[in-house]
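Values quoted throughout were computed directly from the atomic coordinates according to the rules given, and no laboratory measurement underlies them. Quantities reported herein were computed from a predicted structural model and do not represent experimental measurements. So basically every Cβ, Gly included, is an ideal-geometry build from the backbone, and we count neighbours across all protein chains shown.
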Amino acid sequence: MRKMMIAALAALCLSACATSGTGKPPAPPSPIEQLAPILAPLAGNHVTAEAIDLAFAASDAALYVVDFMRSVGWITDGSPKAIALADAAEKLKGWLVVADTAQRAGDVLKADGAYNKAAAAYSLILKALER
Amino acid sequence: MNDTLKLLIEAGKSILPAIVPGAAVAIQIGKGIVDALDAAKDIGTPGDQSASAETREAIRAKILEHFDDTIAGLRGD
């Protein structure tokens, strides 16, 4: 079940997901698959306010999963894994705030950079959950 | 509600079956996820810009508070 949760979170991640060939006819994209390109700043485009809103919502959802894993004992507060998650969450929060502030101020380059760092921090959370 | 946010809520709902095998606590958390995504539905509603901005700020504050609570819990504070 833990792997399924992480897979679900990964699908909600901030980076675009590439589809791989399986030899089967392509299935219609799920809502999650349709979301991926919206959440990711496409090459040549800049982060939008909507992308940042969705990134906040996806991060909130990830926090609920972390809370759940703590509540059932899969993560022990204060353990190395918990500290790694806390560090990653701290980074994610910080970069999302920077991206949001910069986007509102019209500083697109700073917003893009911060958004990408937020995406990297989100990946760190997923990696910590997999351990 | 715009199409992207509708899509986001549908995505949240599609996650639920994957993480809810019956445990009450899991159902609660799954509901939390959908609620978190559902809360975003008012953001960007065309029309009342000020109301939308207020809603956005309120949601942001709630999420940032959630960050703080979870981070403090993880550190064992």
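Residues A:TYR122, A:TYR64, arranged from fewest to most other Cβ atoms within 10 angstrom of their Cβ, appear as A:TYR64, A:TYR122. For the stretch A:69-80, backbone phi angles converted through the Karplus equation (6.51, -1.76, 1.60; θ = phi - 60°) give residue-by-residue couplings of 5, 5, 5, 9, x, 6, 10, 9, 4, x, 6, x Hz, Gly and Pro being listed as x. Counting charges near A:ALA84 (Lys, Arg +1; Asp, Glu -1) among other residues having Cβ under 12 Å from its Cβ returns a value of +2. Put a dot 7 Å past each Cα toward the Cβ at B:ALA53 and A:ALA49; how far apart are the dots in nm? Spacing of the two 7 Å Cα→Cβ label points: 0.8 nm.
Take each residue in B:60-72, count the other chain C-beta atoms within 10 Å of its C-beta, and the mean is 5. Across the stretch A:83-95, coupling constants 3J(HN,Hα) worked out from phi with the 6.51/-1.76/1.60 Karplus curve, θ = phi - 60°, read 5, 4, 5, 4, 4, 5, 5, 4, 5, 4, 4, x, 6 Hz, and Gly and Pro carry x.
Charged neighbours of A:GLN103, selected by a Cβ distance under 11 Å, balance to -3 (K, R count +1; D, E count -1). With a 10 Å cut-off around each Cβ of A:88-101, the average count of Cβ atoms from other chains is 2. Subtracting the Cα-Cα distance of A:LYS127 and A:VAL72 from their residue separation scaled by 0.36 nm leaves 17.9 nm.
Remark: the stretch A:45-131 is approximated by an ellipsoid whose semi-axes, taken from the C-alpha gyration tensor as √(5λ), come to 27, 12, 9 Å, largest first.
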